[in-house]
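Participant: Take a look at the following structure, please.
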Amino acid sequence: MEPTTERLRTPRAAGLAGVGFALLLATAIVLVRTALPSGNAADAEIDPGRRWAVRVALEIVPFAGIFFLWFMGALRAHTGEAEDKFVATVFLGSGFVFAATLFVAAGAAGTVLAENTPSDFGRHYAYTILATYSMRMAAVFVFATSTIGRRLGVFPRPLAVFGTVVALVLIVIGSGVPWSELVFPAWALVISVHILRRRP
C-alpha cells in the first residue's frame, strides 16, 4: 500500500515544484533583464538604483535551481520503469547541464555588483551563457520531457506539440531575441498546472 500512496503523491510534488521553479526563474529573468542592459558597449553603465534588482535575482536563482531539480526528480519518478532509457538519459543530462549553466550565468551577472570593477565583460558573459547555452539545454530538456510524456500518454497531444514548439523557439531563436528565455518558465508552469489538475 505504501508504494501506491507514494506513486500517487509524485505528480502533485512535480506540479508544485514546477510551479515554484517557473515563478522563481521568471522573476529572476525579469529582474536581471530590467536591471541590466543587453551587454552592448553603449549600455556599459548600470543604474545604481537598480542594483537591488540584481541582488534579489541572485538570491532567487539558487532556489529556482533547487525547485528545478526537485521537478526533474518527481517527473522521473512518475514515469517509473516505463521510461525509455535513451530519452531518459537525454532528459537527465540536459536538465543537469541547464541547472549548472544557470548558476554560472547568475555568478557572472553578480560581477555587476562590484563597486570598483567594470562589469561589461561579466554582463556580456552572463547573457551569452544564459541565452546561448542554458536556454538551448532547456530546449533539449523540454523536447525530452514532451517525448516521454507523449509516449507514456501522460501529456495530451496538444501539450506535447506545445512543448515541441517551445523547444524549437529556444533552440533556434532564443539567443537572438531578448526576453525569449521566458518561454521556458512559461512552459514549466503549463506542465505543472496540467500535472496538478490531472487526477491520479
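Taken together, the values in this text are just the output of simple stated rules run on the coordinates, not laboratory data. All figures in this text were calculated on a predicted structure; none of them were measured in a lab. Because the Cβ atoms are built from the backbone with ideal geometry, glycine has one as well, and the counts that use them run over all protein chains shown.
Participant: So, R0 is 41 Å and r is the distance between the beta-carbons of Val172 and Trp52; what FRET efficiency does that work out to, to 0.05?
Facilitator: Approximately 0.75, to the nearest 0.05.
Participant: Quick check on the exposure proxy: order Arg198, Arg123 from fewest to most C-beta atoms within 10 angstrom.
Facilitator: Least to most surrounded, the residues fall as Arg198, Arg123.
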